[in-house]
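Read through the structure below, which is laid out as structure tokens, and then see the notes.
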Amino acid sequence: MSVGLVRLENFEVEASEGFAGWLAEHEVSLIFGRAENLMVVGRHGDELRVDPVTMPMVGGLAVEGRRLVLSNPYQVWTYDDGLAAGTTTDAGHDAVLLPYRGVVTGGAGIIDIGLLADGSVVMASPRFSCLATTIDGLSFRPLWMPRWVGALRPEERSPVSGVGVRDGVAATVTLFGCGDGEVPWREGRATGGAVVDVVTDEVVANGLAVPTSPRWHDGRLWFTHSGTGELCVIDDDDSVVPVVGLPTLLRGLAFVGPYAVVGGSASRSDALVEGLPIGDQLAERDARPEQGLWVVDTRSGEVVHRLAIEGTGREIHGVVAYPARRPQVFGPHDDELQTLVAYDGSWDPDAARASFARP
Amino acid sequence: MADDEAPQSAGLSLTASPGFAAWLDARDASLTFATPPSKVFFVGVRPDGALGVFERTFDKAMGVAVQGSEHVWLGTRTHLWRMDSVPVGDEAAAEGFDRCFVPLRAHTTGYLNTHDVTVDDDGDVVFVATRFGCLARPSDRVSFEPVWQPPWLERFEQGDRCHLNGYARDGSGRAYVSSVSDTGGMESWRDRRNGGGVIAEVPSGEVVARGFSMPHSPRLRDGELWCCNSGSGNLCRVDPATGEVEEIAFAPGFLRGLCFLDGYAVVGSSRPREGDLYSGLPLDDALAKANLKPRLGLFVIELATGKVVEWLFVDGPMRELFDVAAIPGVKRPMALGLVADDIRTAVFYASASISRDDDSAWRPAVEEPTAEASEVDVAAVAP
């Protein structure tokens, strides 16, 4: 189906009619990371609102309850909702997400994250070709590397592009390439990608073109096949089944009920898609990659909603669904943080004085 | 080093007394101090015996606390940062750097007007949230966790009523706070800057000494209680049993920030400006009488004599120094900040910590991170 687009007033985006209603029906908002901004897609009344937050290069996004964890290439921030349950700010936000805890991962170059059962964060580092977690006193602690990678080096030998968490355990990764540093992965990026099971170390699928965003949903592994523009699922016999093909460099995948929300990047130059199957396809049609979000019904492969963003050169790095109507999100260095202090207002100083443990 | 030899940085210059470097060298320690609105300094000694100064930018850095010689905690306008020690590269090591502090962990506190930050050996942090008039701990899921409030404040609420600013503890069970007043009316401390200050015991809140003018930086040293009577330019020793206050030394400045090394106190000094909060206090007269101008920097005071034996002055746009702390066992520290690109590219990891034979290596749930990881087989990758 083709989706008609309606221009929104508060940002340079167009949305399909009924997008707000779809969000309302599923009681979620969408948060996605873009070149310079984190974008929050929520609702105000019956209307769709897209609130940009200045926060560059957010790639990893994960939600657990009201907690949001996000990463840019050198930091991981854990957000919690500072708003009292059931209340709404004057501006209509029903969640105020504050970055209470920050971890600097530096040159690990984190591109995707997941949350494990114990609440810890698992991170995909393409630069070190590993899965990692945070550790006190260092940038990261490696958890897993492909078995053929001989050494933990910042050399993009087998770049881990995404991590899929299943039942609280890091279960699956996507790789841009499967080497050990003999040949730069970019040279073979049209066919060098793979999906690997981190439990068995087995290659589940290979020959892929820049696979990203592996996600477990409904008992199956889904991922965005960036280089072909396809949303894919791995079947029981390990075959890769495309669900839908879209005119974009796909990256970023979140599930809302039976719907998949995928992100797609455009670029001012052709370098983004050049040499990839999607680049060839678009070139044949003399078309440019489109940017924004697509909502796909995974049962039919039909695109049911679309959020289009004007302008090019702004890549989308990740997307997640958040259980609030219109969360307000602040950058970890925003001036507004000065005025936003969340604390237990019922704290009783007299009782605390009486029981204060002598330090 | 020569008297006028000064490490240079953009718009900043430092001048030290001729013996400062040798004095610091003999202490087997280095110093870190914070000068709001934007700088944190690390002061050590170079291999040639000259002073080596390193500065980094942090937004309104105030309280500084050192945990062992491995961590530096820093209270900034909206965050509490923990800087962790990482190995220095070969090039830096050749220049005598023996420690690099990198801001790797942050708590977002929002604006609490965080003053003193304290930490014990286990990493338990208690800081003074001056905006709320309370002692607080960092929290993982709200901005801060209040832990103690003086009894003269009626309610727990936002607002700086008494300007609670300092906290002293030494693990012995004794603890004290400094406060510009012991009153609870809205902003009432502002009218009590001259002589209304107190040192009070924690947790009772009982005032053990009073009559100070904007006291700051209470510290416990070998069981003795010290503080800065900032508004008179005095370093003081306080007997909490009798309330007696002994003025040990005078130095030309609004004294605030205090640490001890051997038989010396290192005291921070700020420059009041006519009409600001630090003026109109006994310090004005004391400076006039001594015909001295206030200085921004550090004074080293010999405790046995009360004499200023060394000094380090900062010349730059800033007027305030908030706190100073010693880093024991570290000769010449360096640091990464949040502004330069280093923080995005530098990476520190244990290079051989994946065991293929250990099936659990990829299961974070069953294997706790080892704190020792940083001590073994660590590689530092330059950007």
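The values are calculated or read from the model by the stated rules, or taken from the named source; none is laboratory data. What you are looking at is a predicted structure, and each value in this text was computed from that prediction instead of being measured. Here the Cβ positions follow ideal geometry from the backbone for every residue, glycine too, while neighbour counts run over all protein chains shown. Just so you know, the surface numbers come from the protein's heavy atoms only, side chains and all, with ligands and any DNA or RNA stripped out. Shrake-Rupley method; radii C 1.70, N 1.55, O 1.52, S 1.80 Å.
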Distance histogram for the protein assembly as shown (every C-alpha pair counted, 20 angstrom bins, percent rounded to whole numbers): 17, 43, 30, 10, 0
Magnitude of the charge dipole, segment A:9-355, Cβ model with Lys/Arg +1 and Asp/Glu -1, debye to 20: 620
Can you tell me which of A:Asp180, A:Asp237, A:Asp167 moves the most in a GNM of chain A? Springs connect C-alpha atoms under 10 Å apart. A:Asp237
Karplus couplings for segment B:118-123 from phi (6.51 cos²θ - 1.76 cosθ + 1.60, θ = phi - 60°), rounded to Hz, Gly and Pro as x? 10, 8, 9, 5, 8, x
Other protein chain Cβ atoms within 10 Å, averaged over every residue that makes up B:75-85: 3
Expressed in whole Å with the largest first, what are the equivalent ellipsoid semi-axes of segment A:120-264 derived from the C-alpha gyration tensor as the square root of 5 times each eigenvalue? 23, 18, 14
Hypothetical label at A:Thr54: residues of segment B:320-339 whose amide nitrogen lies under 20 Å (7 Å Cα-Cβ projection): B:338-339
Can you tell me the accessible area per residue over segment B:8-345, all protein chains present, probe 1.4 angstrom, in square angstrom? 35
Share of Cα-Cα pairs in segment B:8-345 beyond 33 Å, in percent? 21
If you add up the charges near A:Arg215, with Lys and Arg at +1 and Asp and Glu at -1, over every other residue whose beta carbon is less than 15 angstrom from its beta carbon, what do you get? -3
Please work out the average accessible area per residue across chain A, using the 1.4 Å probe convention, and give it in Å². 38
I'd like the Kirkwood hydrodynamic radius of segment A:21-128, using the inverse of the mean 1/r over distinct C-alpha pairs, in Å. 14.8
Mind ranking B:271-283, B:30-42, B:211-223 by how tightly packed they are, going by the mean number of other C-beta atoms within 10 angstrom, highest first? B:30-42, B:211-223, B:271-283
What FRET efficiency, computed as 1/(1 + (r/R0)^6) with R0 = 56 Å and r the Cβ-Cβ distance, is obtained for A:Arg220 and A:Asp90, rounded to the nearest 0.05? 0.80
In peptide B:137-149, what is the residue-averaged number of other protein chain Cβ atoms found within 10 Å of each Cβ? 6
Considering the convex hull of the alpha carbon atoms of segment B:266-347, report its projected area averaged over all viewing directions, in nm², one decimal. 8.5
Expected max-MSF residue from B:Arg256, B:Arg56, B:Arg161 in the GNM of chain B (alpha carbon, under 10 Å) is B:Arg56
Cα-centred dipole magnitude for chain B, charges only on beta-carbon of K, R (+1) and D, E (-1), debye, nearest 20: 1360
Per the charge dipole of the protein assembly as shown (beta-carbon charges, Lys/Arg positive, Asp/Glu negative, Cα centre), the residue among A:Ala170, B:Val177, A:Pro242 reaching farthest to the positive end is B:Val177
Subtract the Cα-Cα distance of A:Thr339 and A:Glu202 from 0.36 nm times their separation in residues, and report this length gain in nm to one decimal. 44.3 nm
Which of B:Ala65, B:Ala326, B:Ala92 fluctuates most in a GNM of chain B (C-alpha springs under 10 Å)? That residue is B:Ala92
Please compute the average number of Cβ atoms from other chains found within 10 Å of each residue's Cβ in peptide B:126-132. 1
Along the charge dipole of the protein assembly as shown, pointing to its positive end and built from +1/-1 on Cβ of Lys, Arg, Asp and Glu, which listed residue (B:Thr118, B:Gly316, A:Leu208) has its Cα farthest out? B:Gly316
Restricting to lysines and to Cα separations under 24 Å from B:Lys307, and discarding same-chain partners fewer than 8 apart, the set is B:Lys289, B:Lys293
Students often get this wrong: which residues of segment B:301-327 have the backbone nitrogen under 13 Å from the point 7 angstrom along Cα-to-C-beta of B:Asp222? B:303-305
Near B:Lys60, which lysines are there with a Cα under 19 Å away, not counting those fewer than 8 places off in the same chain? B:Lys39
Modelled FRET efficiency - R0 60 Å, B:Glu187 with A:Arg166, Cβ distances, 0.05 increments: 0.60
What is segment A:153-253's relative contact order, in percent, from Cα pairs under 8 angstrom and six or more apart in sequence? 20
Give me the orientation-averaged projected area of the Cα convex hull of segment B:62-183, in nm², one decimal. 8.5
With charges only on Cβ, +1 for K and R and -1 for D and E, what is the dipole size of the protein assembly as shown about its Cα centre, in debye, rounded to 20? 1440
By the Kirkwood definition, with r running over pairs of different Cα atoms, segment A:9-355 has a hydrodynamic radius in Å of 20.6
How large is the accessible surface of A:Ser355 in square angstrom, using a 1.4 angstrom probe and rounding to the nearest 10? 90
